[in-house]
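The values are calculated or read from the model by the stated rules, or taken from the named source; none is laboratory data. Because the structure is predicted, anything quoted here is derived from the model rather than measured. As a convention, Cβ positions derive from the backbone with ideal geometry for all residues, glycine included, and neighbour counts pool all protein chains shown.
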């Protein structure tokens, strides 16, 4: 497959008319060399990206049990809703009389999310979960600053997403890592020892990345609060909890949700997502500006909060994702609990069918996902299994995460998969397990059916080629 | 709508295997139960849902747009949305499994290349959230590289970008200052600036470098790069900004497209994902995510940034847009935008407005209006025209693109001239 820059120069003049324009700018600020991007005709551009799309895999093609990412089906109607002219062509600085629809949608979305999580207020501004975390830690710092306290540490279990410690460190908090106990909970004994007046917040993912609901959540919250410490919930795994339990009722002071996970906005090949941050009322004054408010039946943007930490991005958030999530919530409405019930059922069904073929990291009922270890098949077995799954037409699970499970395979089926799909997946994994015993070389050579074979990541880092250069034209690959 | 395929029979069989009698018992086993009732709307069929959503969209009013200020109303070729709607592209996730994600990965490689070619920089990442937080990441990168903690911002930065920068600096315990000295990690300048002014940046770049600081250019209207000198040529070490102009709808402020590009010596400090070219086991060309040891899922608290999910689909939109427009099309976008803005400015000057730009401008400019800017804006609004951003009592920031026809411009002028 060519890269776009390797196409021969073609005629390409059709998208905009040519007009006689005279640019009168001083010579020291204008481009001196011709713009170094190619002219390719529309037909070849369309073929190029259509062919690229055929070298890709998405939920629309098949089962995508990538743990911690909630790769559920993305309803098409939500795409149509977001593309409606009134949403997609609206300038963000339009006066409020032109934006009542958007503001109403955002305001109502906040109301729904407050109800679903048990929090008192929300900001829809953060662009993704990691930015929500950043905002959450900034809010925690502002909270303690206003109380005249200097707290410098964050408690994070070793099963946490890497973003939690990365975020704490950007905000100059020192991370205290707490190990997991034999049931996959945060070790409550170690927690008690390490909880000190210097701890600003506890960042807990619940259910955690092992797919397990922390059995001590209430006690952890209680101890934190007694210590003046804030409880932050990484809500990446909210798909297990809709209508079943509310983090706000378990003592969490803040939670972020990933709308692209739980609320089915498409993952886009890596984004855009939307992270939204919910807080209890005593933290609401720190939320970013502007906030969306409703007075009588009019919606407006409120910049008044004096204690706000400021802004984490331009405008109001990934609005197009808000539209999709709002539409998704309306499709389920009062029956949204069914989403989580089936996510949990599907995960437990798969776990039970697979736990004898592989090792279960923690032998407990799981929530919406679970972690297997393939350690009995030796080193690199998780990688080899992942690659071989591609030959059976499945996207692999998340592998080597969480870091505390050797040869980890983290499997999240979601509620939108049929029993038949789950059964086929189990068959494939069992087949691969027997291949590993009988013909390990096949598994080690996998994948055999993808557009390219196993790729050399070491070479990519050792001899970096991160962009096309015009000089590559002479030495181009077929 | 109900997106769950399981039938009653399936559910029964699955529950049997798991060994519980009902789904309710299953979730009760490990989760403290919520006993309240959620105050959510009634479930809707697809038909009802679409009606509801379109109803809300209709209460927004989309007018003829003469506003820019960080969000630009450019033409988007039809092929962009058709290609983006391909499920194999938009329903995948981060290409951790490269062999199954060559489409996304190659598109990222092409995106990185386009950004480098336009900016004259050496290396770009796979995208950041949007322009303002991309600029904040540039500041964090500069502090990490130089070991210094002061940021100098030249006057004329988009006010929201400045707010975001200040929020990030507060969180990371850095300082935004008004002087360049031996504590300065980076010098930031937007070009063209918020008011549309195009500056010769060589001098500022030299000033930054002689203080041992990095020079960061912030580009928010990147179609300008089709006719302006690329930042790589005037000494920028980092270029960070917003790519919404490249084929991404206004969409009330997001999702947009943050980008960051640097000179080679800063590669290992780049935040976020980077795609690289490599070969497979048979020697065929392929693409992978590379330099992942910088990232949070490996490096945790020592990562260069906490970013994970980025704006991949928006980067794909920009890549397709740039491929479709090509050299000829993008140059036309820039020339038409420039021409329309200068045409409107000239006509406004004839009816008593005064241009306040201190430097040449591209497609955005500031005028002093006779009377109040607010009254003027509401007069334009009555004619279905979104006339500009009120900067002060009598200052209006106006933007034109190729979407503003000569007729629109005449309508604008006749609305404000009062005839």
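Could you grab me the full set of residues in region B:63-98 that are in a helix (DSSP H, G or I) and free of Cβ contacts under 8 Å to residues at least 60 places away in the same chain?
Selection gives B:78, B:81, B:82, B:87, B:88.
Would you pick out the residues in region B:381-398 that are assigned to a helix (DSSP H, G or I) and more than 29 Å from the chain's Cα centre (by Cα)?
Listed by number, the list holds a single entry, B:382.
Mind listing just one residue for me: the one in region B:322-344 that is more than 7 Å from chain A (Cβ to nearest Cβ) and touching a residue at least 40 places away in the same chain (Cβ under 8 Å) and, of those, farthest from residue B:415 (Cα to Cα)?
Across region B:322-344, the extreme among qualifying residues is B:334.
Which one of these is in contact with a strand residue (DSSP E or B) (Cβ under 8 Å, 6 or more places away or on another chain) and either facing chain A (nearest Cβ under 10 Å) or within 30 Å of residue B:128 (Cα to Cα) (or both): B:309, B:319, B:304?
Just one listed residue meets the conditions, B:309.
Would it be correct to say that residue A:257 is at pLDDT 95 or above and either within 12 Å of chain B (Cβ to nearest Cβ) or more than 14 Å from the chain's Cα centre (by Cα) (or both)?
So residue A:257 fails the test.
Residue-by-condition table, conditions (1) closer than 16 Å to residue A:63 by Cβ; (2) modelled with pLDDT of 95 or more:
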{"residue": "A:356", "(1), (2)": "no, yes"}
{"residue": "A:360", "(1), (2)": "no, yes"}
{"residue": "A:390", "(1), (2)": "yes, yes"}
{"residue": "A:403", "(1), (2)": "no, no"}
{"residue": "A:409", "(1), (2)": "yes, yes"}
{"residue": "A:416", "(1), (2)": "yes, yes"}
{"residue": "A:446", "(1), (2)": "no, yes"}
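Just checking, how many residues over region B:399-415 are in contact with a helix residue (DSSP H, G or I) (Cβ under 6 Å, 6 or more places away or on another chain) and either modelled with pLDDT under 95 or outside any loop (DSSP other than H, G, I, E, B) (or both)?
Final tally of qualifying residues: 3.
Filter region A:271-283 for residues that are in a loop (DSSP other than H, G, I, E, B) and within 22 Å of residue B:257 (Cα to Cα); which is farthest from the other protein chains (Cβ to nearest Cβ)?
A:274
So which pairs qualify, if the first residue must be in region A:354-380 and surrounded by fewer than 23 Cβ atoms within 10 Å (Cβ to Cβ), the second must be in a helix (DSSP H, G or I) and modelled with pLDDT under 95, the Cβ gap must be under 9 Å, and the two must be at least 6 apart or on different chains?
Short answer, once both residue conditions are applied: A:365/B:26.
Of B:107, B:126, which residue is crowded, with 24+ Cβ neighbours inside 10 Å, in the same structural domain as residue B:303 (by TED's automatic domain parsing) and not in a helix (DSSP H, G or I)?
Result: B:126 is the single residue among B:107, B:126 that is crowded, with 24+ Cβ neighbours inside 10 Å, in the same structural domain as residue B:303 (by TED's automatic domain parsing) and not in a helix (DSSP H, G or I).
Of everything in region A:125-139, what is facing chain B (nearest Cβ under 10 Å) and either part of a helix (DSSP H, G or I) or more than 14 Å from residue A:167 (Cα to Cα) (or both)? Give them in sequence order.
The answer is A:125, A:127, A:129, A:130, A:131, A:133, A:134, A:135, A:137, A:138, A:139.
With the condition kept exactly as written, say whether any residue in region B:152-160 is at pLDDT below 95 and surrounded by fewer than 17 Cβ atoms within 10 Å (Cβ to Cβ).
no
Has region B:228-244 got any residue that is assigned by TED's automatic domain parsing to the domain that holds residue B:148, farther than 26 Å from residue A:464 by Cα and under 12 Å from the mean Cα position of the chain (by Cα)?
Yes, some residue in region B:228-244 is assigned by TED's automatic domain parsing to the domain that holds residue B:148, farther than 26 Å from residue A:464 by Cα and under 12 Å from the mean Cα position of the chain (by Cα).
Just to be sure, is residue A:293 surrounded by 24 or more Cβ atoms within 10 Å (Cβ to Cβ) and in the same structural domain as residue A:102 (by TED's automatic domain parsing)?
Considered against the rule, which asks whether it is surrounded by 24 or more Cβ atoms within 10 Å (Cβ to Cβ) and in the same structural domain as residue A:102 (by TED's automatic domain parsing), residue A:293 comes out as no.
Residue A:268 - would you say it is facing another protein chain (nearest Cβ under 10 Å), over 20 Å from residue A:81 (Cβ atoms) and in a loop (DSSP other than H, G, I, E, B)?
No; evaluated as a whole, the condition is false for this residue.
Applying the selection to region B:54-72, what residues are crowded, with 20+ Cβ neighbours inside 10 Å and more than 7 Å from chain A (Cβ to nearest Cβ)?
Passing the criteria: B:66, B:68, B:72.
Please determine whether any residue of region B:75-82 is facing another protein chain (nearest Cβ under 7 Å), touching a helix residue (DSSP H, G or I) at 6+ places or on another chain (Cβ under 6 Å) and at pLDDT 95 or above.
yes
Where in region A:1-95 are the helices (runs of 4 or more DSSP H), entirely inside, with at least 2 residues that are more than 7 Å from chain B (Cβ to nearest Cβ)?
Once the helices (runs of 4 or more DSSP H) in region A:1-95 are filtered for at least 2 residues that are more than 7 Å from chain B (Cβ to nearest Cβ), what remains is A:42-53, A:76-82.
Out of all the residues in region A:195-204, is one or more surrounded by fewer than 24 Cβ atoms within 10 Å (Cβ to Cβ) and more than 30 Å from residue A:306 (Cβ to Cβ)?
yes
Part of a loop (DSSP other than H, G, I, E, B) and either over 29 Å from residue A:178 (Cα atoms) or within 19 Å of the chain's Cα centre (by Cα) (or both), is that true of residue A:416?
For residue A:416, the condition - part of a loop (DSSP other than H, G, I, E, B) and either over 29 Å from residue A:178 (Cα atoms) or within 19 Å of the chain's Cα centre (by Cα) (or both) - is met.
Would you call residue A:394 assigned by TED's automatic domain parsing to the domain that holds residue A:261, touching a residue at least 12 places away in the same chain (Cβ under 8 Å) and either in a loop (DSSP other than H, G, I, E, B) or under 24 Å from residue A:260 (Cα atoms) (or both)?
no
For region A:288-332, which positions are modelled with pLDDT under 95 and touching a helix residue (DSSP H, G or I) at 6+ places or on another chain (Cβ under 6 Å)?
The one that is modelled with pLDDT under 95 and touching a helix residue (DSSP H, G or I) at 6+ places or on another chain (Cβ under 6 Å): A:305.
Here is a list: A:110, A:114, A:104, A:153. Which entry is touching a residue at least 60 places away in the same chain (Cβ under 8 Å), more than 10 Å from chain B (Cβ to nearest Cβ) and surrounded by fewer than 23 Cβ atoms within 10 Å (Cβ to Cβ)?
Result of the check over A:110, A:114, A:104, A:153: A:110.
Going through region B:96-118 one residue at a time, which ones are within 19 Å of residue A:64 (Cβ to Cβ), more than 20 Å from the chain's Cα centre (by Cα) and at the interface with chain A (Cβ under 7 Å from one of its Cβ atoms)?
Result: B:97, B:98, B:99, B:100, B:101, B:102, B:103.
Tally the residues that are in a helix (DSSP H, G or I), within 8 Å of chain A (Cβ to nearest Cβ) and surrounded by fewer than 16 Cβ atoms within 10 Å (Cβ to Cβ), restricting the search to region B:33-53.
1
What's the number of the only condition in (1) surrounded by fewer than 17 Cβ atoms within 10 Å (Cβ to Cβ); (2) under 29 Å from the mean Cα position of the chain (by Cα); (3) in contact (Cβ under 8 Å) with a residue 12 or more places away in the chain that residue B:378 fails to meet?
So the condition that residue B:378 fails would be (3).
Between A:65, A:75, A:95, which is crowded, with 20+ Cβ neighbours inside 10 Å and farther than 24 Å from residue B:85 by Cβ?
A:65
From the list A:406, A:402, exactly one residue is surrounded by fewer than 16 Cβ atoms within 10 Å (Cβ to Cβ) and more than 23 Å from residue B:102 (Cβ to Cβ). Which is it?
A:406
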